[in-house]
Structures are given as structure tokens and as C-alpha cells.
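Data first, discussion second: the structure below is written as C-alpha cells.
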Amino acid sequence: MEVKPLLEMVKISKSFSGVKVLQDVSLSVYGGEVMALLGENGAGKSTLMKILSGLYKCDSGEIYLDGHKVQIDSVKDAQKLGISFIHQELSVLPNLTVWENIFLGHEVTKGCTKKIDKAFMREKSRELLKSLGCTFDVNAKAGDLTIGEMQMIEIIKAVSANSRIVIMDEPTASLTDYETKKLFEVIAALKSKGMAVIYISHRLDEIFEVCSRVTVLRDGKLIGVTELGKVDKNQLISMMVGRNLEEQYPYIAPSPGKVILSVEKLNYKNKVKNVSFSLREGEIVGMAGLVGAGRSETAKVILGEYKKTSGDIFVNGKKVDIKSSKDAIKNGIVYLSEDRKKEGLISNWPVGENMTLPNLKKYVGNFGRIVKKEEVIDFKEYAKKMSIKTTGYSQIASNLSGGNQQKVIIAKWLMTKPQILIFDEPTRGIDVGAKKEIYEILNELKKNNKAILVISSDMQEILGISDRIVVMHEGEVAGEIDRKNASQEAIMKYAVGISNRG
Ligand SMILES: Nc1ncnc2c1ncn2[C@@H]1O[C@H](COP(=O)(O)OP(=O)(O)OP(=O)(O)O)[C@@H](O)[C@H]1O
Ligand SMILES: [Mg+2]
């Protein structure tokens with residue numbers, strides 16, 4: 001007997017204000033299978049999954065579960081059918097505790113009293129965390145956790161909600177290698193329970209590791225469905241981008257000049273401990289370390305966002321006092337945050353206004369009015385430079401695909417023409433083609449004598465683009481490695497605390 005797919009989406013189409021973002025796209029997945037959904041930024045992956053989970057309504061097309069046609073008009077409908085969605089952008093509520101987040105929307109009540117059973121939910125959350133190897137406290141405020149930890153909450157939420165189909169949109173983008181491994185174990189467990197997983201990721205190695213088949217989209221159209229055992233990475237990339245892509249890391253040799261930024265014995269609570277390093281003009285320094293090693297905190301102390309407890313910061317040899325990102329910009333320093341939802345974009349504003357925001361002064365004309373025409377010209381220039389897929393200046397930022405939002409953030413800070421740039425996970429959730437564009441932009445900045453710090457958890461990326469690598473471990477600089485001595489093992493030794501430059 002022929003086995004029927006657990007889920008079939010047939011000829012789904014969707015337009016936003018007249019623009020077709022999905023055209024006759026079909027996707028099916030069997031129980032016990034992990035189906036990869038692959039495509040460039042803006043290809044339509046998240047939109048297709050938002051339709052499946054009841055967030056968007058499709059214009060045409062049909063959805064079948066176990067061979068029966070179903071109608072999904074709301075998130076509730078989808079939940080009732082056992083479909084859960086782990087979103088690309090975090091939706092954890094920062095003011096609630098870990099356990100409150102896990103049980104949000106499906107709180108457990110005590111027998112007939114109908115009182116919320118806090119003790120049970122706390123205990124259950126503790127178990128779930130433990131089963132995933134998470135060490136943070138169930139009573140902690142979610143907002144105090146790292147991005148990686150918040151993501152784990154979302155995964156636990158979906159797993160605990162008795163789903164049959166779990167959609168994971170870029171689930172590992174901010175997880176450490178260890179957390180990723182744990183996640184893969186969880187996925188294997190879901191599979192063995194007969195659940196179906198739809199897995200969106202820009203990390204091809206992962207797709208080969210956890211998925212059995214792949215559905216590829218390009219520009220809202222279905223390009224093909226194939227078994228992963230039958231294709232290699234290059235074939236996948238060319239299906240995805242419609243061309244071959246050579247060398248992923250276009251490295252250029254540096255010609256480093258004088259030291260522009262120097263940080264001496266920086267301390268912040270117990271998160272940043274005696275951190276010292278420097279950046280020279282015309283070089284890219286990679287900052288490696290595990291999630292929670294204090295890399296973003298270090299950046300935020302430099303930016304004045306966190307108030308340092310001691311230590312000094314020098315720009316061009318002069319001691320500076322930076323109390324806010326405004327002071328930082330004045331000193332030519334910008335920070336591109338790892339968390340675009342929390343810190344990057346004002347999601348209900350137009351893309352164009354988001355982009356020009358830190359640089360508004362430039363556009364003030366007579367009577368203090370903003371000259372919009374010039375703003376639009378600059379917007380167009382940067383949108384083109386960075387191949388941002390947008391309908392134009394007035395498109396609302398939250399309507400851009402995840403990867404394109406990331407590019408807008410980069411553009412917005414580049415517009416301030418800074419001297420020192422700190423990039424925090426700049427290519428998280430960005431497709432292979434766009435990643436390369438970003439590396440090329442970094443190289444261009446390097447050629448123009450900027451000093452660049454790239455914080456990244458992607459080891460290949462750190463190795464591929466850095467001239468020097470600073471590795472952090474538990475708030476300290478554990479070591480510094482030159483490009484010629486750099487390797488995955490060398491970084492890991494410092495990152496896990498086996499070696500210390502001490
Ligand atoms: N609510 C919306 N209103 C208008 N346009 C939208 C909306 N949501 C998505 N789009 C557009 O639909 C297209 C597909 O976006 P989608 O988020 O599905 O891409 P994606 O494949 O998930 O990309 P990424 O890898 O960057 O996350 C994009 O051009 C995006 O701008
Ligand atoms: Mg997406």
C-alpha cells in the first residue's frame with residue numbers, strides 16, 4: 001500500500017499588495033521525515049510556513065493532512081491540527097520567566113479548582129530544559145538570557161505542545177555547536193515518534209545532516225524536490241541561486257596601519273573580565289567564543305550601552321568616554337547588533353526611514369525640515385549596493401524577509417561612515433549568496449582603512465575572513481591567534497578554556 005504524506009500543500013499562491021511572493025508552490029512531508037526548505041533570502045520560505053501555521057491566508061491552493069483537506073484560517077486552527085512553528089525572529093516575552101514562556105497559551109490547571117498549577121509547570125519546564133541539556137534557571141527572566149538560550153525556550157515550547165508537524169525556521173542560527181547537537185537529538189526523537197519536521201536553514205551542512213529530502217524555492221516558485229542523498233552541496237546551491245557560486249570567503253590580504261581602537265582591562269560586572277585588545281585600520285579581527293562567552297557584552301560596554309566597572313577605551317590614541325551609542329557614533333564607532341528584533345529595526349516603520357535614522361542630521365534642510373528627496377536617493381544607493389530585496393523606500397520593515405532586514409541594518413550603519421565597525425553575527429540567517437555579498441562589503445571596508453571587529457559563532461566564517469582572531473572564554477580573552485596559525489582546533493582550545501594565554 002502506498003504511504004500517504006502526513007502533510008501536503010498543493011499549488012499555494014500568495015501576493016502582498018499585488019506582488020506575487022508565492023506561485024503554485026507545493027510541498028509534502030511524511031510522518032517521521034525531516035523535510036528541508038531551502039531558498040535565498042526573500043524566496044518565500046517563511047511566507048509558505050506562515051500560511052501553514054495560520055498566520056497568513058493563501059490566495060489559492062489547498063492543504064491536506066493525512067489525505068484530508070483542511071482549512072487553516074487562524075493560528076488556533078493550525079494548533080488544533082497539531083502544527084507548531086518555531087519562528088525565525090524570536091517571540092519569547094522578555095518580562096516573563098522561562099517557565100511562563102514555555103507554558104504561555106497552554107497553561108496547566110489544577111484538577112477541578114482550575115487554578116494555575118505553577119509548581120507543576122515549573123517542574124515540567126525543569127525536566128524539559130534538562131532533557132535538552134540546558135543549564136539556565138526556569139525562574140530566570142527570559143529577557144536576561146542570551147539569544148541562544150531564548151531560542152531553546154521556543155524549541156521547548158513547540159516540543160511540549162504535542163505537535164504532529166513542527167516547523168523550524170532557522171532554528172540553529174544562534175545556537176552553539178553543543179546546543180545544535182542537542183537540537184539534532186531532539187529532532188531525531190521527534191522523527192521516531194512519527195512527527196514531521198519542516199526545517200528551514202541557510203546552513204547546508206546541517207541540512208545534509210538532519211534532513212532526508214529538500215524542497216527548493218527561488219523567487220516564490222518551486223524549483224524542485226530531491227532526496228539529499230542524490231545531490232551535493234554545489235548542486236543545491238545552484239538550484240537555489242540559479243548559478244554556480246565559487247569561493248565562499250573572498251579573502252584579501254590586509255595592509256594594517258595604526259591602532260585605531262584599543263581597549264584596556266575592561267570590566268563589566270562578572271561578564272567582562274580584564275578584556276584587552278586592539279583594532280588597527282585596514283584589518284578584520286574576528287571574535288570567537290561560545291554563546292555566553294561575553295563577546296556581545298564586550299561590544300556593548302565599548303558602545304556605552306553597559307556601564308563599565310573599570311578599564312579604558314582609546315580611539316586614535318585618545319582616551320574616550322562613551323556613555324551612549326550617540327557618543328559612540330561621534331567617535332566613529334558603530335555596532336551592528338546580533339538581535340535585529342530587539343535592537344535593530346523599528347519594525348512598523350518604512351525601510352527607508354529605518355535606514356537613514358542614525359544619519360538624519362545629514363538631511364536637515366531649511367527650517368529644520370528633513371529633505372526627503374535626498375534621503376530617498378541615499379536609500380536607493382545602499383539598497384542597490386547591498387542587493388536588498390524590497391519594493392521601495394516605504395515598504396514596512398517587518399514585511400521584509402529576515403535576511404533582507406539584516407542587510408538594512410548593515411546599510412543603516414554604513415551610512416554614518418564610521419571608522420570602527422563592530423559586527424555581531426552579521427550573517428546569521430543570511431543565504432549563501434548574500435553572505436558572500438556581505439563578506440565583499442567587509443573587504444571593501446577593510447580596503448578603505450576601516451577597523452573591523454566581527455563577532456561570530458560560525459567557525460568557518462571566522463577562519464575565512466579574519467586577519468586575526470581574538471577568542472573569548474567566560475568573559476575573558478583566552479587567546480589571540482594570527483591568521484597563519486588559525487584553525488578550528490586552535491580556536492576551540494581557547495573557547496572551551498583548555499588553553500589560556502594567561
Ligand atoms: N507581510 C508582508 N507584506 C508584504 N510583503 C511581504 C510580507 N511578508 C513577506 N513579504 C515579502 O515576501 C517575500 C518573501 O518573504 P519571506 O519572508 O517568505 O522570505 P524567506 O524565504 O523566508 O527569506 P529569508 O531567508 O530572508 O528569511 C519577500 O520579498 C518579502 O519582502
Ligand atoms: Mg524567512
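Towards the positive end of the charge dipole of the chain, with charges on Cβ (+1 Lys, Arg; -1 Asp, Glu), say which of 229, 486, 47 has the farthest Cα.
Of the options given, the answer is 47.
Rounded to the nearest 500, what is the chain's calculated 222 nm mean residue ellipticity when only DSSP H runs of at least 4 contribute -39500 (n - 2.57) each, over all residues?
Taken over the chain, the calculation gives -9000 deg cm²/dmol.
Taking the Cα centre of the stretch 99-173 as origin, sum charge times position over the Cβ atoms of Lys and Arg (+1) and Asp and Glu (-1), and report the length of that vector in debye to the nearest 20.
Dipole of the stretch 99-173, to the nearest 20 debye: 480 debye.
Show the residues, 5+ positions off or on another chain, whose built amide H is closer than 5 Å to the amide H of residue 167.
Correct list: 84, 85, 86, 198.
Between their Cα atoms, which of 45/417; 265/493; 69/181 are more than 31 Å away from each other?
Over 31 Å Cα-Cα: 45/417; 69/181.
Which ordering of 489, 437 is given by a fewest-first count of other beta-carbon atoms within 10 Å?
Fewest-to-most ranking of 489, 437: 489, 437.
I need 349, 413 ordered by Cβ neighbour count within 10 Å, fewest first.
349, 413
Could you sort out which of 436/484; 269/436; 182/269; 141/193; 50/380; 76/412 sit more than 26 Å apart by Cα distance in this structure?
269/436; 182/269; 141/193; 50/380; 76/412
Per residue of the stretch 359-372, in order, report the coupling 6.51 cos²θ - 1.76 cosθ + 1.60 (Karplus, θ = phi - 60°) as ³J(HN,Hα) in whole Hz, putting x for Gly and Pro.
Using θ = phi - 60°, the values come out as 10, 3, 3, 4, 9, 6, x, 4, 6, x, 7, 7, 8, 5 Hz.
Mind listing the long-range amide H neighbours of residue 201? Cut-off is under 5 Å, sequence gap 5 or more, other chains count too, H placed in the peptide plane at 1.01 Å from N.
Excluding prolines and chain starts, which carry no amide H, the hits are 37, 170.
Please list 3J(HN,Hα) in residue order for the stretch 315-327, calculated via the Karplus relation 6.51 cos²θ - 1.76 cosθ + 1.60 where θ = phi - 60°; whole Hz, with x for glycine and proline.
10, 6, x, 9, 5, 10, 10, 10, 10, 7, 5, 5, 4
Quick one: net charge of residue 5's neighbours, Cβ under 14 Å, K/R +1, D/E -1?
Local charge sum for residue 5: -1.
Give me the dipole magnitude in Debye, nearest 20, for the chain about the Cα centre, with unit charges on the beta carbon: positive for Lys and Arg, negative for Asp and Glu.
The calculated dipole for the chain is roughly 1220 debye.
When a/c is below 1.5 the answer is rounded, else prolate if a/b is larger than b/c, else oblate, so apply that to the stretch 146-259 with a ≥ b ≥ c taken from the square roots of the Cα gyration tensor eigenvalues.
Since a/c reaches 1.5 but b/c is at least a/b, the shape of the stretch 146-259 is classed as oblate.
In degrees from 0 to 90, rounded to the nearest 10, what is the angle of the helix 118-131 Cα long axis to the longest principal axis of the chain?
On a 0 to 90 degree scale, this one is about 70.
Taking the Cα centre of the stretch 6-76 as the origin, how large is its charge dipole in debye, to the nearest 20, when only Lys and Arg (+1) and Asp and Glu (-1) carry charge on their Cβ atoms?
260
Relative to the longest principal Cα axis of the chain, at what angle does helix 402-414 sit, 0 to 90 degrees, rounded to 10?
Orientation of helix 402-414: about 10 degrees from the principal axis.
Going by the alpha-carbon gyration tensor, a ≥ b ≥ c the square roots of its eigenvalues, is the chain rounded (a/c under 1.5) or, if a/c is not under 1.5, prolate (a/b greater than b/c) versus oblate?
It is prolate, given that a/c is not under 1.5 and a/b is the larger ratio.
If you add up the charges near residue 181, with Lys and Arg at +1 and Asp and Glu at -1, over every other residue whose beta carbon is less than 12 angstrom from its beta carbon, what do you get?
Around residue 181, the surrounding residues sum to -4.
Could you tell me how many degrees, from 0 to 90 and to the nearest 10, lie between the Cα long axis of helix 177-192 and the main elongation axis, the longest principal axis, of the Cα atoms of the chain?
The helix 177-192 is inclined about 10 degrees to the chain.
Pick out, from 254, 6, 298, the residue whose Cα sits farthest towards the positive end of the charge dipole of the chain, with +1 on the Cβ of Lys and Arg and -1 on the Cβ of Asp and Glu.
Checking the options against the dipole of the chain, the answer is 298.
State whether the stretch 54-184 is rounded, prolate or oblate according to the following rule on the C-alpha gyration tensor (a ≥ b ≥ c being the square roots of its eigenvalues): a/c under 1.5 gives rounded; otherwise a/b larger than b/c gives prolate, and the remaining case gives oblate.
oblate
Over the chain, what is the percentage of antiparallel beta bridges among all DSSP beta bridges, to the nearest 5?
Of those bridges, close to 55 percent are antiparallel.
Quick check on the exposure proxy: order 109, 226 from fewest to most C-beta atoms within 10 angstrom.
Fewest to most other Cβ atoms nearby, the residues stand as 109, 226.
So what are the ³J(HN,Hα) numbers for the stretch 147-152, from phi and the Karplus equation (6.51, -1.76, 1.60; θ = phi - 60°), rounded to whole Hz, Gly and Pro as x?
Here the 3J(HN,Hα) series is 4, x, 5, 4, 4, 4 Hz.
Using the charge dipole of the stretch 7-241 (Lys, Arg: +1 at Cβ; Asp, Glu: -1 at Cβ; taken about the Cα centre), state which of 208, 162, 25 has its Cα farthest towards the positive end.
Of 208, 162, 25, it is 162.
Laboratory data are not the source of any read-out in this text; all were calculated from the coordinates shown. Please read all numbers here as calculations on a predicted model, not as lab measurements. Cβ atoms come from the backbone with ideal geometry, glycine included; neighbour counts cover every protein chain shown.
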